[in-house]
Amino acid sequence: MAPGTDPKSALVVYNTLTRSKEKFVPMSGDEVKMFVCGQTVYDDAHLGHAKNYINFDVIVRWMRKIGYRVNYIQNITDVDDKIIARANEKGQDPIELARHFEKRFLEDMESIGVKEDVSEYIRSHDYIDAIRDQIQLLIDNGYAYRLDEDVYYNVAKFHDYNKLSGMDMKEIGRHRIEVRPGKVNDYDFVLWKGAKPGEPQWKIGLVLDGQKVELSGRPGWHIEDTAMTASVFGPQYDVHGGASELIFPHHTNEIAQAEAAYGKKPFVKYWLHSGVLNIKGQKMSKSLSNFVKIRDFLKSSDAETLRLIFCSRHFRKEIDYTDEVARSAAKKLRYIYASLSRFYNMPESENPQSAEVTALVESFRAQFTDAMNDDFNTSLALSGIITLVNSLRAFAEANSAVEKSVKDDAIRAIIEYAGVFGILTKETYKEAIPDEAYAMIKKREVLRKEKKFGESDEIRGQISEKFGIRIEDTEDGTVWYREGE
Ligand SMILES: [Zn+2]
């Protein structure tokens, strides 16, 4: 980015709808209306969910950092087939079950640093009137029809149906479709489902062919989101996010509903989709029983490690999760902290060499900004943090002192930009390790280079015993941390 450019005006995003990178220009000045499909609350959230919400959290943090005012809404799907099925299995009331898992979901989002950045979580449950109104509009505009006690959307009436997914109708036919006598097209989807015993239900009044009718039942999944966003944002908004697996049918049907109901295009200007999290080559999911719950992960690790894992890859890409991925991310974090500590605890005094640090920090800021403004390239931006930390550590090795203002500025830059990722939130780097311990670490490094591993192991033991400091060798360099950190 050229100096003096407003960082917000340089943001470019990949839009699933146009299949290209586009300059980001919100519909109304600096205000960004953004919606991300939220959780269906019938079980605890797992790492696949964590990836999706952390990916969008980082996007929102970055947009806010460069000056956008982001109204970031997420929904809680609390009326849904899966919730009803789970409640029936357990002999529980579906609404109570949903409340229970909603509470736990919000606790999980808080513990991974996502909840505070969501402007508002809204529940499907509270938007039944808006859902009714949208269904009525679709009926009035000729896109919806009644079949028994249900209401369906007539997909053939909406000509742009495939614009988001890029699929042809033949491909769509291969997806799950509900075959039912009376449907106009096999791929028509449900807007309203008639009441069934044991299911939560609401009564809505509709006008069909000039006749007032009352239908009991519950909304279909897709209409919940467009009714909610129309209530909060109006018929059009800036950014819709979600996992890539939602492109079809969910997001495809959202576009069909909103554009047919309000006649305004585009319903959403930028569609952003995150890649899924795989485990042993398969998508982590409830149905495959291969999931690790967020709360279980946090028992043996922490949110910072999780956020580092997800930031080390572009959000649109898939991630293969293994225990080794988590271990190596934790190691990487310890390396960053140890190096930061080395630089932070350097003696302060005038040193003309400090100008080197100033130049490094300046170019770090510019590179980080360019990387994030290029479709939120977190992996490139993260490698910028690591490069800078490496250089600062090397500077601390080569110099006896640094100017205070230069040091402060370097630390401020790292902490501030790492904050976009939600990492380096601990202040443990401020604590120096004793000079004697550091001298032993350096001595050990020499021994290791000479392949004297027996002696180097001995020193490791001494450092641990005498100072309570653990030593770890990483590909980047030696790491030290206090036991229990
Ligand atoms: Zn959704």
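Reported count of residues in the range 251-264, each being within 16 Å of the ligand (Cβ to nearest atom) and either open to solvent by 20 Å² or more (accessible area, probe 1.4 Å) or touching a Gly at 6+ places or on another chain (Cβ under 8 Å) (or both), is 1. Pull out all pairs, ordered by first then second residue, where Cβ-Cβ is under 6 Å, the residues are six or more apart or on different chains, the first lies in the range 6-28 and is under 16 Å from ASP370 (Cβ atoms), and the second is in a helix (DSSP H, G or I). That search, which allows pairs on different chains as well, returns PRO7/THR369; ALA10/ASN373; LEU11/ASN373.
Considering the conditions (1) out of contact with any Phe, Trp or Tyr (no Cβ under 9 Å at 6 or more places or on another chain); (2) among the β-branched types (Val, Ile, Thr); (3) within 20 Å of ILE84 (Cβ to Cβ), VAL213 is excluded by exactly one of them, (3). What single numbered condition from (1) more than 19 Å from the chain's Cα centre (by Cα); (2) open to solvent by less than 10 Å² (accessible area, probe 1.4 Å); (3) of a type in the set (Asp, Glu) fails to hold for ASP6? All conditions pass for ASP6, except number (2).
Of all residues in the range 437-458, those that are of a type in the set (Ser, Thr, Tyr) have Cβ atoms under 7 Å from Cβ atoms of residues that are open to solvent by 40 Å² or more (accessible area, probe 1.4 Å), 6 or more apart or on another chain, in SER456/ARG448. Among the candidates PHE233, PHE189, PHE267, PHE248, the residue that is within 16 Å of the ligand (Cβ to nearest atom) and outside the structural domain of PRO94 (by TED's automatic domain parsing) is uniquely PHE189.
Of the candidates GLY210, GLY198, GLY275, the single residue that is closer than 30 Å to ILE319 by Cβ, out of contact with any Leu (no Cβ under 7 Å at 6 or more places or on another chain) and away from the ligand (no atom under 16 Å from the Cβ) is GLY275. Any residue in the range 150-164 that is open to solvent by less than 60 Å² (accessible area, probe 1.4 Å) and at positive phi? Within the range 150-164, not a single residue is open to solvent by less than 60 Å² (accessible area, probe 1.4 Å) and at positive phi. Evaluate the range 451-473: report whether one residue or more is in a loop (DSSP other than H, G, I, E, B) and farther than 22 Å from ILE336 by Cβ. Yes, the range 451-473 has at least one match. When the range 18-49 is limited to residues that are within 16 Å of the ligand (Cβ to nearest atom) and part of a loop (DSSP other than H, G, I, E, B), the one that is farthest from GLN367 (Cα to Cα) turns out to be TYR42. Among the residues of the range 198-214, is there at least one that is surrounded by 12 or more Cβ atoms within 10 Å (Cβ to Cβ), out of contact with any Gly (no Cβ under 6 Å at 6 or more places or on another chain) and not in a strand (DSSP E or B)? Yes, because at least one residue in the range 198-214 is surrounded by 12 or more Cβ atoms within 10 Å (Cβ to Cβ), out of contact with any Gly (no Cβ under 6 Å at 6 or more places or on another chain) and not in a strand (DSSP E or B). Within the range 39-59, identify whether any single residue is closer than 23 Å to ALA418 by Cβ, in contact with a strand residue (DSSP E or B) (Cβ under 6 Å, 6 or more places away or on another chain) and β-branched (Val, Ile, Thr), and answer yes or no. Scanning the range 39-59, I find no residue that is closer than 23 Å to ALA418 by Cβ, in contact with a strand residue (DSSP E or B) (Cβ under 6 Å, 6 or more places away or on another chain) and β-branched (Val, Ile, Thr), so the answer is no.
For residues that are in contact with a Lys or Arg (Cβ under 7 Å, 6 or more places away or on another chain) and of a type in the set (A, V, I, L, M, F, W, C), scanning just the range 80-111, find the one that is surrounded by the most Cβ atoms within 10 Å (Cβ to Cβ). Checking each candidate, the answer is MET109. In this structure, GLU116 does not qualify as in a helix (DSSP H, G or I), of a type outside the set (Val, Ile, Thr), modelled with pLDDT under 95 and open to solvent by 20 Å² or more (accessible area, probe 1.4 Å). Filtered by the rule that a residue be hydrophobic (A, V, I, L, M, F, W, C) and open to solvent by 10 Å² or more (accessible area, probe 1.4 Å), the range 265-280 gives VAL276, ILE279. The condition (being part of a helix (DSSP H, G or I), in contact with a His (Cβ under 9 Å, 6 or more places away or on another chain) and among the polar types (S, T, N, Q)) is satisfied by just one residue among SER383, SER379: SER379.
Just to verify a result, which residue in the range 431-447, among those that are within 42 Å of the chain's Cα centre (by Cα) and open to solvent by 80 Å² or more (accessible area, probe 1.4 Å), is nearest to ARG334 (Cα to Cα)? Within the range 431-447, the match that is nearest to ARG334 (Cα to Cα) is GLU431. Closer than 19 Å to PHE315 by Cβ and either more than 16 Å from the ligand (Cβ to nearest atom) or touching a His at 6+ places or on another chain (Cβ under 8 Å) (or both) - does that describe any residue in the range 68-90? Yes: one or more hits.
Of the listed requirements (1) more than 11 Å from the ligand (Cβ to nearest atom); (2) small (Gly, Ala, Ser); (3) open to solvent by 10 Å² or more (accessible area, probe 1.4 Å), ALA243 misses just one: (1). Based on this model, can you work out whether ALA396 counts as of a type outside the set (Lys, Arg), in a helix (DSSP H, G or I) and either under 24 Å from THR478 (Cα atoms) or assigned by TED's automatic domain parsing to the domain that holds LYS443 (or both)? Yes: the conditions hold for ALA396.
Residues in the range 410-432 include none that are over 30 Å from ASP117 (Cβ atoms) and assigned to a helix (DSSP H, G or I).
The values are calculated or read from the model by the stated rules, or taken from the named source; none is laboratory data. Please read these numbers as outputs of a predicted model, since none were measured by experiment. All Cβ positions, glycine included, derive from the backbone under ideal geometry; neighbour counts span all protein chains shown. The protein model used for the area step is the full one, side chains on, heavy atoms only, and it has no ligands, DNA or RNA in it. Shrake-Rupley method; radii C 1.70, N 1.55, O 1.52, S 1.80 Å.
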